[in-house]
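For reference, the structure discussed in these notes is given below.
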Amino acid sequence: MINNHHIPIMTNEILSLIDDKKNLFILDCTFGGGGHSINFLDRGHRVTAIDQDDNSIFLAKKLKKKYKNISFYKSNFKDLDLLDLEVKKFDLILLDLGFSSNQLLDKNIGLSFKFDSNLNMNYLGGDLNAYKIINHYNKDELKRVFHLYGEINQAEKLAEYILKQRSIKKISTNYELIEILRKSGVNFRSKRIHFATQAFQALRIESNNELQNLVTFLKKIHNFLATNSYLVIISFHSLEDRIVKNFFKENKLKKFKKSENVENWYFETLTKKPIVPSKSEIIDNSRSRSAKLRIGRFIN
Ligand SMILES: C[S@@+](CC[C@H](N)C(=O)[O-])C[C@H]1O[C@@H](n2cnc3c(N)ncnc32)[C@H](O)[C@@H]1O
């Protein structure tokens, strides 16, 4: 039995964009527990949902019994052009990036440092995982992952220490990894978060190819947006947020030329600065605290 533990983030801010509209076509590319989708369905919109996660399929099937206006596709959202979607152009496309609370609680995935699990961290079903990275990447590859995706200053020192430890014994579980991080002598940046956060983030981004998925998706997304539609993206770390911010910047209306791209479409950025959750939302749902919401209106 799969229950949904995920609370949707900044729902009111998203719904306020389409308050006065009816019967819209919505594409929810990160269905998760269906929290955002349910809000759209309750207002009579038609939802096309995508997620790579098997548990999401199960939850979507349950929803289908109550709402007939939902179709679900199991896929990586970077491949949305390979899906034969029933609806071709959408009035609002939502990306709520990263992993759901359901996935965070799943010991087989092992994203949490709060309980022990086999080293994995892959929540999208690909071939790569944290065990392979930690035990098989060479020093330079490990350094790249920790430096680029964890923004760890002493990435080389950490890579060297891991190589030494794994030559004694393979590193198989989250708790073993945490112990190695603790003993590595590396000065992890933040005092406010768990010291393993940056390393876990780095391994998760690499295991799931998170940044490349987003970049590939953004390159294609104009083909799926109706004119005057909204592209709504919630991200949870600065690396993702930077990609989204630059995407809207690079594709905005230029003063004398409509836009750089040949098709002459562009985005009007509705969020000069990202929207962040209210204090009360953060109190109710601590997972929302690092969320950043950016919205662009697509003009064609
Ligand atoms: C933060 S949760 C979304 C929660 C959802 N908005 C809700 O309210 O329940 C992110 C979801 O996106 C999915 N996801 C992340 N990256 C993906 C990708 N590249 N392709 C398909 N699904 C992805 C994850 O499997 C997860 O279920």
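Close contacts from the range 31-56, counting a first residue that is within 19 Å of residue 3 (Cα to Cα) and a second that is at pLDDT below 95 and among the acidic types (Asp, Glu), with Cβ to Cβ under 9 Å and a gap of 6+ residues or different chains, come to 31/53; 32/53; 55/106. Every condition in (1) modelled with pLDDT of 95 or more; (2) more than 7 Å from the ligand (Cβ to nearest atom) holds for residue 57 except the one numbered (1).
The set of residues from the range 262-283 being surrounded by 13 or more Cβ atoms within 10 Å (Cβ to Cβ) and either of a type outside the set (Phe, Trp, Tyr) or not assigned by TED's automatic domain parsing to the domain that holds residue 16 (or both) comprises 268, 269, 270, 271, 274, 275, 276, 277, 278, 281, 282.
Quick one: in the range 1-30, of everything that is touching a residue at least 40 places away in the same chain (Cβ under 8 Å) and outside any loop (DSSP other than H, G, I, E, B), which residue is surrounded by the fewest Cβ atoms within 10 Å (Cβ to Cβ)? Of everything passing the filter in the range 1-30, 17 is surrounded by the fewest Cβ atoms within 10 Å (Cβ to Cβ).
Flag set for residue 286, criterion: surrounded by fewer than 18 Cβ atoms within 10 Å (Cβ to Cβ) and either among the small types (Gly, Ala, Ser) or modelled with pLDDT of 95 or more (or both).
Residues that are surrounded by 13 or more Cβ atoms within 10 Å (Cβ to Cβ) and without any contact (Cβ under 8 Å) to a residue 12 or more places away in the chain are absent from the range 183-196 altogether. Does residue 28 fit the bill of being within 8 Å of the ligand (Cβ to nearest atom) and at pLDDT 95 or above? For residue 28, the condition - within 8 Å of the ligand (Cβ to nearest atom) and at pLDDT 95 or above - is met. Evaluating residue 138 against the criteria (1) closer than 30 Å to residue 44 by Cβ; (2) not assigned by TED's automatic domain parsing to the domain that holds residue 238 leaves one unmet condition, (1).
For the range 117-127, filtering for residues that are more than 13 Å from residue 196 (Cβ to Cβ) and away from the ligand (no atom under 11 Å from the Cβ) leaves 4. Applying the selection to the range 100-129, what residues are under 19 Å from the mean Cα position of the chain (by Cα), hydrophobic (A, V, I, L, M, F, W, C) and buried (at least 22 other Cβ atoms within 10 Å of the Cβ)? Within the range 100-129, 109, 111, 121 qualify. Note on the range 64-99: residues that are buried (at least 17 other Cβ atoms within 10 Å of the Cβ) and either β-branched (Val, Ile, Thr) or within 11 Å of the ligand (Cβ to nearest atom) (or both) total 13.
Show me the helices (runs of 4 or more DSSP H) found entirely inside the range 197-300 where at least 3 residues are within 30 Å of residue 112 (Cα to Cα) and either among the charged types (D, E, K, R) or touching a Ser or Thr at 6+ places or on another chain (Cβ under 9 Å) (or both).
Working: elements: 197-208, 210-220, 238-250, 279-284.
Filter on the range 197-300 gives 197-208, 238-250, 279-284.
Inside the range 153-196, residues that are over 20 Å from residue 106 (Cα atoms) and not in a loop (DSSP other than H, G, I, E, B) make up a count of 19. Flag: residue 204 does not match the condition of being at pLDDT below 95 and at negative phi. Taking every residue in the range 162-180 that is without any contact (Cβ under 8 Å) to a residue 40 or more places away in the chain and pairing it with any residue that is surrounded by fewer than 17 Cβ atoms within 10 Å (Cβ to Cβ) and among the charged types (D, E, K, R), at least 6 positions away or on another chain, the pairs with Cβ-Cβ distances below 8 Å are 163/139. Within the range 35-42, the presence of at least one residue that is over 21 Å from the mean Cα position of the chain (by Cα), within 15 Å of the ligand (Cβ to nearest atom) and not aromatic (Phe, Trp, Tyr) is confirmed.
The values are calculated or read from the model by the stated rules, or taken from the named source; none is laboratory data. No experiment lies behind these values; they were computed from the predicted model shown. All Cβ positions, even for glycine, are placed from backbone atoms using ideal geometry, and neighbour counts span all protein chains on display.
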